[in-house]
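Below is one structure, written out as structure tokens, with a few remarks after it.
The values are calculated or read from the model by the stated rules, or taken from the named source; none is laboratory data. Being a predicted model, the structure only gives us computed values, none of them experimental. Counting neighbours? That spans all protein chains shown, and the Cβs are built from the backbone with ideal geometry, glycine included. Protein only, heavy atoms only, side chains kept; ligands, DNA and RNA dropped before computing areas. Shrake-Rupley method; radii C 1.70, N 1.55, O 1.52, S 1.80 Å.
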Amino acid sequence: MNSRYEIRETIGQGGLGSVYKAFDTQLQREVAMKRVLTTGQGTPEEIKAAGNKLISEAQTLSTLNHPNIVTVFDVGQDEAGGFVVMELLKGETLDETVERGVLTADDFKEVVFQTMEGLIAAQDKNVIHRDIKPTNIMLIWQASGRFQLKILDFGLAKFSKNPSVQTMDQDEAVMGSIFFMAPEQFERGELDARTDLYQMGCVYYNALTGQYPFNGETAPQVMNAHLQHKVVPLEQLRPDLPPPIAQWVMWLINRDIQSRPSNAKEALRYFPRNADSAPALPAQPVKRISTPVSTASPSVRIATPVANASAPPNLIVAGSSTKKLTGSQTESGSAPRKATASQPGAKANPKSATVSTRQPQPGTAPKKKKLSPTLIVSVVGAIAIGIVAGMLKLKSDKVKANAARLEFLSEQDAAEVSLKDVDLLLDFMVESPDFELKKDAYEALKKVTGNGVDEAILKALTTATSSAVQKQLSIVLATRGYLRAIGPILNLAKLSPKEEDKVAFLSSAKALASSDNMDVILEGLKSTESPKLRRLYEDMLLVVLHKTGNTEAILNQLRQAIKGAGSGERRSLFRVLGQMGGKKTEDLLDQIMKGTDAALKSDAISAYFSWPDRTPLPKIAVLAASQDKTIRSPALRAYGIVSGKPGPFTIGQYIEDWQKGFDMMKDTDQGEAIRLIQRVIVGMPHPRTVGMLEGWKEHPKYGTLVKAVSDSMNKTLSSMTVMESGKPLKGSMAQVEGDGAAVDKFLEAITNWTSAETYFSWNFKAKEAGEYSISVDQADLSPNPSDFVIY
């Protein structure tokens, strides 16, 4: 044995080796030591070969040297075989953390950043882990109160710049943990960085729900779930999460390896750090608009649950342990309970009791025969058990009938139902421990029709005691467009103590907002100081304005609200007016600017922050020249934002306005000058833009920044896509501009585009001069389609 390291105890054991707590006698510290194939487990040649392989791989791993990957200290061979020495981590594995409760959105973001950074470092060295699972992610609490994650056990790691094939053990069984393995591992296909992303996506799903995304009672069933992509969408299990986060996780676990992110760096780049939590309504069939250049459209694969999945229902609820029930184990690890007469499916099998009677002879009195207590009990017991058995059969038949009815309703587009059916669906959604049945009932409630259906669902909402059920029913009513539900939903938002619950309810209420609710919406806006909640109230007001038009009556209500509003509420109201834009709003702002209230003027300028186009730029330039700093500062910011807005303008017009803005900002407002360069100008790479920046490089304050932006722009221009007729401009090629709220573009399409302040730009070179027409594939995300403009 190696004399430097003293083995203290075994801390882990598996098919690929053992891990020990050891003591480094030279550096006087505790370490972890891993061995594979030691003496007695193979021939001397096999032990040496395994040791050489371990050393080779450990040497590569030691070069990773990343805070989110376990550190390798030493490798070597002795008479017992090969070994690797690593840092000894004192903490808990991620599955142990999840057993106490699923992750919140904020903690999940931290987990994503740390684990993805670790994978990026590994993939940069062409290392594929191939066995990512919760037990291979260690969570260590720091003295500061923050936690650090480390990815462990690269024992299955493969070092290859090219795709490799899944290896097998001696029993020809696929190695790794079956609940987290990618489909290509079962198919013995080629593995690459996207395999690790699938496994990490399964880990994320588990951390957010407490259950495996692909489940089953047996290994073949779990494998089948992976291969047929039988998975409940994460949004259904965690409706409280921002939908972009849920969809990002589902992107990682896409069945098709080609439809996942290409690597961890790309995955992290598109992680929705500041995602809006508004639930996306079901997309309607795709429409085509304008004149198509080409009939070809890109194919997009989206993860969806498979109907009528053969895998058994999963009985593990969110927040519980993910230990499987196999053989003689139950969830708690104890012996299985015996079936009793009160359990569905239990078979009563009592000993038979026979009672013999005899007719008395004529003319004689019958003898009284005393029945023994045992016989009496036996007879009564037999009758009672017979009754119970009969009841169980009735109950079993009823359960089967209810399940069949649920399956039928969930498969219909708009089935007309009775109130009894509604009660059935509500029971399944609220009471069933099976997530698949819950999901089917939830989806069916969104689309069934019939007298009193909306009222029954609303009643269930008002009587529900679980916030999770209340949020789901709110989404159901919003999807159904039941306008009378908005009052109770807004009331739930008002009474909810948690902001995340308020956000969920307001997101549902947004779809139902109408001019009849203006007073309630304005009151809600007035009563909150939360920027996130204010934004949702702003969105509701915008829904009203889009439905009714920018009418004089609505404008009057907003004017009255502005008069009595505090500064934060007032800026929200002006942002709403700004998003609507138009002549009426311009006239209102002009009137305010003629007044003497400086604070009101300053808040009113915030309307230009969300203005949809560049039309007010000349007026903003006049305000930006003001000697009053309370007017000039917000006006300079508005100028920078509006000067970059899209429109039918030449590059020359943009450059002229940017030069004017920079001249106003450079000496009076350094922050806005930097914002103009970093966030506005950088979005329009063009040789003439680069030429403009050349003239700014010598400025003492901004020269370094300008040079960096100019160099970046030159790189962009040299690698810019060459566009030709029929070539698609995919969503993943777009630059996100504006506020970037609630946007995901990791698929070939842009999804969750819910903010009017968000827009997209595609930069490309035309292969040849000429006239081009543009065709757009779009899906409506709500019953009230929005408009968009192409420049």
Boolean, THR104 is of a type in the set (Ser, Thr, Tyr) and surrounded by fewer than 20 Cβ atoms within 10 Å (Cβ to Cβ)
yes
Which of the residues that make up the range 597-619 are more than 22 Å from GLY568 (Cβ to Cβ) and out of contact with any Lys or Arg (no Cβ under 8 Å at 6 or more places or on another chain)?
THR615, PRO616, LEU617, PRO618, LYS619
Could you check the range 528-561 and list, in sequence order, the residues that are open to solvent by 30 Å² or more (accessible area, probe 1.4 Å), modelled with pLDDT of 85 or more and assigned to a loop (DSSP other than H, G, I, E, B)?
GLU529
For residues in the range 717-743 being open to solvent by 60 Å² or more (accessible area, probe 1.4 Å) and assigned to a helix (DSSP H, G or I), which is nearest to ASN763 (Cα to Cα)?
MET733
Across the range 562-617, the tally of residues that are touching a Pro at 6+ places or on another chain (Cβ under 6 Å), outside any helix (DSSP H, G or I) and of a type in the set (S, T, N, Q) stands at 0
Run GLU416 past the list (1) in contact with a strand residue (DSSP E or B) (Cβ under 9 Å, 6 or more places away or on another chain); (2) within 24 Å of VAL503 (Cα to Cα) and report the number of the one that doesn't hold.
(2)
Do you know which residues across the range 396-414 are surrounded by 11 or more Cβ atoms within 10 Å (Cβ to Cβ) and under 17 Å from LYS439 (Cα atoms)?
ASN402, ALA403, ARG405, LEU406, GLU407, PHE408, LEU409, SER410, GLU411, GLN412
Could you count how many residues in the range 179-193 are open to solvent by 10 Å² or more (accessible area, probe 1.4 Å) and in contact with a Pro (Cβ under 7 Å, 6 or more places away or on another chain)?
2
When the range 657-712 is examined, which residues are found to be open to solvent by 20 Å² or more (accessible area, probe 1.4 Å), hydrophobic (A, V, I, L, M, F, W, C) and assigned to a loop (DSSP other than H, G, I, E, B)?
MET684
All positions within the range 489-527 that are of a type in the set (A, V, I, L, M, F, W, C) and either over 27 Å from the mean Cα position of the chain (by Cα) or exposed (fewer than 15 other Cβ atoms within 10 Å of the Cβ) (or both):
LEU495, MET518, VAL520, ILE521, LEU522, LEU525
Restricting the search to the range 663-688, which residues are touching a helix residue (DSSP H, G or I) at 6+ places or on another chain (Cβ under 6 Å), without any contact (Cβ under 8 Å) to a residue 60 or more places away in the chain and not β-branched (Val, Ile, Thr)?
MET664, MET665, LYS666, ASP669, GLU672, ALA673, ARG675, LEU676, HIS686, ARG688
Please go through the range 194-231 and give me each residue that is open to solvent by 10 Å² or more (accessible area, probe 1.4 Å) and of a type in the set (Phe, Trp, Tyr), ordered by number.
TYR212
Matching option when the condition is under 30 Å from the mean Cα position of the chain (by Cα) and open to solvent by 30 Å² or more (accessible area, probe 1.4 Å), among ASP423, ASP427, ASP434
ASP427
With respect to LEU477, determine if the residue is buried (at least 20 other Cβ atoms within 10 Å of the Cβ) and over 15 Å from LEU425 (Cα atoms).
no
Return the residue satisfying two criteria in turn: it lies in the range 15-32 and is in a strand (DSSP E or B) and not charged (D, E, K, R), and of such residues it is modelled with the lowest pLDDT.
GLY17
Checking the conditions here, which among ALA444, ALA468, ALA493 is part of a helix (DSSP H, G or I), farther than 24 Å from THR104 by Cα and out of contact with any strand residue (DSSP E or B) (no Cβ under 9 Å at 6 or more places or on another chain)?
ALA444
In this structure, is THR630 assigned to a helix (DSSP H, G or I) and of a type in the set (Ser, Thr, Tyr)?
yes
The range 241-255, residues that are open to solvent by 10 Å² or more (accessible area, probe 1.4 Å) and under 8 Å from the mean Cα position of the chain (by Cα)
PRO242, GLN247, MET250
Report whether or not LYS629 is closer than 23 Å to ARG571 by Cβ and surrounded by fewer than 21 Cβ atoms within 10 Å (Cβ to Cβ).
yes
